[in-house]
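Trainee: The structure is given below, and queries will be raised subsequently.
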Amino acid sequence: MSSERKYQTMALNLKDYVASYPDFPEPGVFFRDISPLLENGEAYKQATNEIVDYAKKIGAEVIVGPEARGFIVGCPVAYELGIGFAPARKKGKLPGKTVKETYGLEYGQSALYLHEDAIKQGQKVLVTDDLLATGGTLAATIKLIEDLGGVVVGTAFLVELTKLHGRDKLKGYDILSLMKY
């Protein structure tokens, strides 16, 4: 038996595995929940395999994902490819020497940290997350990678909320979105 991955004959519609909640967490917000996709092994595997294929195509050598859902998307991709995963974390979550990038939120600021030795000079990096919304978290993650000398060869998301124009903050970067709303 071949060690190649066997794909199912009929692809699932991944949107069937995203729940929608109007007015959550506050009025006017239409929340897209990927929990049903993660809870269904076949759907999660298909989504992961699509990102794995993309990572191979762009020549990714390491995966970086921001806390915490970027881990859920990126870790199985890194595992399947046999490459490393570097977490971009919130304050106080990484020991040792780190680099920091501050970014704006709707009401205030946040920061992400990456180990200063997580990315090698010239290393090709794929950034993964569950959702592309405004692009702020991803722009901060990309800045961390580039400050360390990495080359962001692509970004991959399960869901993109097009009305929030996150792509505007990621101009010049290749973007894979498995589902758009």
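Trainee: Please tell me if LEU126 is among the aliphatic types (A, V, I, L, M), in contact with an Asp or Glu (Cβ under 9 Å, 6 or more places away or on another chain) and in a strand (DSSP E or B).
Mentor: yes
Trainee: Hey, another quick one. Right, THR134: out of contact with any Pro (no Cβ under 9 Å at 6 or more places or on another chain), closer than 20 Å to ASP168 by Cβ, assigned to a strand (DSSP E or B) and β-branched (Val, Ile, Thr) or not?
Mentor: no
Trainee: Listed residues VAL99, VAL52, VAL29; which is touching a residue at least 24 places away in the same chain (Cβ under 8 Å), hydrophobic (A, V, I, L, M, F, W, C) and touching a strand residue (DSSP E or B) at 6+ places or on another chain (Cβ under 9 Å)?
Mentor: VAL99
Trainee: Name the residues in the range 62-100 that are of a type in the set (Asp, Glu) and either assigned to a helix (DSSP H, G or I) or buried (at least 20 other Cβ atoms within 10 Å of the Cβ) (or both), would you? Can you show your working first?
Mentor: The initial filter retains those residues of the range 62-100 that are of a type in the set (Asp, Glu), namely 67, 80.
Answer for the range 62-100, where residues must be of a type in the set (Asp, Glu) and either assigned to a helix (DSSP H, G or I) or buried (at least 20 other Cβ atoms within 10 Å of the Cβ) (or both): just GLU80.
Trainee: Taking the range 22-42 as the search range and keeping residues that are more than 17 Å from LEU132 (Cβ to Cβ) and assigned to a loop (DSSP other than H, G, I, E, B), which one is modelled with the highest pLDDT?
Mentor: If we filter the range 22-42 for residues that are more than 17 Å from LEU132 (Cβ to Cβ), which is where we start, we get 22-28, 35-36, 38-42.
Filter once more, keeping what is assigned to a loop (DSSP other than H, G, I, E, B): 23-28, 40.
Values: ASP23: 95, PHE24: 94, PRO25: 91, GLU26: 91, PRO27: 94, GLY28: 90, ASN40: 98.
Going through the qualifying residues, I end up with ASN40.
Trainee: Further, regarding this structure: Collect the residues in the range 127-140 that are touching a Leu at 6+ places or on another chain (Cβ under 6 Å) and hydroxyl-bearing (Ser, Thr, Tyr), keeping them in residue-number order.
Mentor: THR134
Trainee: In the range 108-123, which residues are without any contact (Cβ under 8 Å) to a residue 40 or more places away in the chain and part of a strand (DSSP E or B)?
Mentor: Within the range 108-123, GLY108, GLN109, SER110, ALA111, TYR113, HIS115 meet the criteria.
Trainee: Filter the range 163-181 down to the residues that are under 14 Å from the mean Cα position of the chain (by Cα) and either more than 16 Å from VAL73 (Cβ to Cβ) or not β-branched (Val, Ile, Thr) (or both) and list them by number.
Mentor: If the condition is that a residue be under 14 Å from the mean Cα position of the chain (by Cα) and either more than 16 Å from VAL73 (Cβ to Cβ) or not β-branched (Val, Ile, Thr) (or both), then GLY166, ARG167, LEU170, TYR173, ASP174, LEU176, SER177, LEU178, MET179 are the ones that fit.
Residue by residue, here is whether (1) in contact with a helix residue (DSSP H, G or I) (Cβ under 7 Å, 6 or more places away or on another chain); (2) over 14 Å from VAL152 (Cα atoms) holds:
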{"site": "ILE58", "(1), (2)": "no, no"}
{"site": "VAL64", "(1), (2)": "yes, no"}
{"site": "ALA68", "(1), (2)": "no, yes"}
{"site": "PHE71", "(1), (2)": "no, yes"}
{"site": "PRO76", "(1), (2)": "yes, yes"}
{"site": "ARG89", "(1), (2)": "no, yes"}
{"site": "LEU94", "(1), (2)": "no, yes"}
{"site": "VAL99", "(1), (2)": "yes, yes"}
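Trainee: Out of all the residues in the range 140-162, which are touching a residue at least 12 places away in the same chain (Cβ under 8 Å), part of a helix (DSSP H, G or I) and either over 14 Å from the mean Cα position of the chain (by Cα) or surrounded by fewer than 17 Cβ atoms within 10 Å (Cβ to Cβ) (or both)?
Mentor: So the first thing to find is which residues in the range 140-162 are touching a residue at least 12 places away in the same chain (Cβ under 8 Å), and the list is 140-145, 147-162.
Add one more test, that the residue is part of a helix (DSSP H, G or I), and what stays is 140-145, 147, 162.
Answer for the range 140-162, where residues must be touching a residue at least 12 places away in the same chain (Cβ under 8 Å), part of a helix (DSSP H, G or I) and either over 14 Å from the mean Cα position of the chain (by Cα) or surrounded by fewer than 17 Cβ atoms within 10 Å (Cβ to Cβ) (or both): LYS143, LEU144, ASP147, THR162.
Trainee: Sort out which residues of the range 107-157 are within 22 Å of LEU176 (Cα to Cα) and of a type in the set (Lys, Arg), and write them in order of number.
Mentor: Passing the criteria: LYS124, LYS143.
Trainee: In this structure, does LYS57 turn out to be surrounded by 14 or more Cβ atoms within 10 Å (Cβ to Cβ) and assigned to a helix (DSSP H, G or I)?
Mentor: The answer is no for LYS57.
The values are calculated or read from the model by the stated rules, or taken from the named source; none is laboratory data. Owing to the predicted nature of the structure, the values given are computational and were not obtained by experimental measurement. Note that we place each Cβ from the backbone using ideal geometry, even for glycine, and neighbour counts take in every protein chain shown.
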